[in-house]
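Read the structure below first, then the notes.
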Amino acid sequence: MHFAVTSLLVTALACPIPDPAPEGRQVPYEPDVAGPVNLEAGTASVVSDGGQGVVLGLDAKRWTESGEKPAAPRRFVFLFDSSVRFNAATFPTCDRTQLDRQACPEGSRVGGGRAEFYPSGSAEVVVYNTKYADGTRGMLITIPAVGTVLENTFEKVSRPYRDRYTQASDEIFPPSTVPPQDRPVTQGFAITFGGTHGGRSFVETTTPVGGTVKFGVYSEYVTGQRTLTETTATRTG
């Protein structure tokens, strides 16, 4: 099933899309820059992890109508169906220090995938369960080949999203010394969240096999564009 892009730049300017996780970490301020309108599409999946839980999959593409480089992101917020629960507290964690030493504990890896760069090239994505110094839990989404580490925090979603989502994973791209319009971007990524350790599943859902699970991705770009893309997937055994 395909993502339906529910808002692009024109709609976002006329009627701002609500922030689904406003109580979480704040995006550092930097001025918007001129750039293209990003277009997005993708698929989702929910499959058994072989235990009591599931593995969630997202496969997304990003492009522009002109074929030029997409605008770089400031933030992604992954939105998960109200039936989905992350058992982060029952899994080993890996923090930035352990990651830098390549010493993440066994069982802390909770996902993976592949990133496709613009205009070409790809690299493996590895996801770790983590806990931050302030006690907040989340995930580190990493691209080891290029040294990318994206800190995600688990957040409760706000209204008006609560009718379909409960849990969010909030991912912020900190500003860098590279001008926003020159920052490297991905034109696609395939990522999974899930795994088992000690008889427990990292992700569980109360949705039965054959049932429908909702997903959303809220995006903010350096151009000021905001989008909300939503889809559903059928849980398979």
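The values are calculated or read from the model by the stated rules, or taken from the named source; none is laboratory data. Owing to the predicted nature of the structure, the values given are computational and were not obtained by experimental measurement. Here the Cβ is made from the backbone with ideal geometry for all residues, glycine too, and neighbour counts use every protein chain on show. Calculation scope for accessible area: heavy atoms of the full protein, side chains included, ligands and nucleic acids excluded. Shrake-Rupley method; radii C 1.70, N 1.55, O 1.52, S 1.80 Å.
Structural remarks
- Kirkwood hydrodynamic radius (C-alpha pairs) into Stokes-Einstein, the range 121-217, 20 °C and 1.002 mPa s, D in µm²/s: 133 µm²/s
- Based on the convex hull around the alpha carbon atoms, the range 165-234 presents an average projected area of 7.1 nm².
- Computed 3J(HN,Hα) for the range 103-111, one whole-Hz value per residue from the Karplus formula 6.51 cos²θ - 1.76 cosθ + 1.60 where θ = phi - 60°, is 10, 5, x, 4, x, 7, 6, 10, x, glycine and proline marked x.
- Interchain or long-range residues, amide H under 5 Å from Asp81's placed H: Lys214
- Value of [θ]222 nm, deg cm²/dmol, for the chain, DSSP H segments ≥ 4, -39500 (n - 2.57) each, nearest 500: -1000 deg cm²/dmol
- The range 74-114 versus the range 20-46: alpha-carbon centroid distance in Å: 20 Å
- Taking a quarter of the surface of the Cα convex hull of the chain gives a mean projected area of 12.7 nm².
- Taken along the Cα-to-beta-carbon direction at a fixed 7 Å, the label points for Val149 and Ser120 span 3.2 nm.
- Residue among Ala34, Ser48, Val110 farthest towards the positive dipole end of the chain, charges placed on Cβ: Ser48
- Working from Cα pairs under 8 Å separated by at least six residues, relative contact order for the chain is 34 percent.
- Residue order for Thr64, Thr148 - accessible surface, 1.4 angstrom probe, largest first: Thr148, Thr64
- The string of couplings for the range 57-69 from the Karplus curve (6.51, -1.76, 1.60, θ = phi - 60°) is x, 10, 10, 10, 10, 9, 7, 10, 4, 7, x, 6, 4 Hz, one whole number per residue in order, with x for Gly and Pro.
- Taken one residue at a time, the phi angles of the range 181-192 give Karplus couplings (6.51, -1.76, 1.60, θ = phi - 60°) of 6, 9, 5, x, 9, 9, 9, x, 8, 10, 9, 10 Hz. Gly and Pro are set to x.
- For the chain, lysine pairs separated by 8 or more sequence positions, or belonging to different chains, with Cα-Cα distances below 27 Å total 6.
- Taking the Cα centre of the chain as reference, the dipole from Cβ charges on Lys and Arg (+1) and Asp and Glu (-1) amounts to some 400 debye.
- Top positive-direction residue, dipole computed over the range 89-224 with Cβ charges, set Thr136, Val217, His197: His197
- Summed residue charge, Cβ within 15 Å of Pro184's Cβ, Lys/Arg positive, Asp/Glu negative: +1
- Annotation for Gln102 and Thr90: the two label points, set 7 Å from Cα along the Cα-Cβ direction, are 3.2 nm apart.
- Residues whose placed amide H lies under 5 Å from that of Gly195, excluding near-sequence neighbours: Phe202, Val203
- At full extension, Thr43 and Thr232 could sit 67.2 nm farther apart than now, given 0.36 nm per residue minus the alpha carbon distance.
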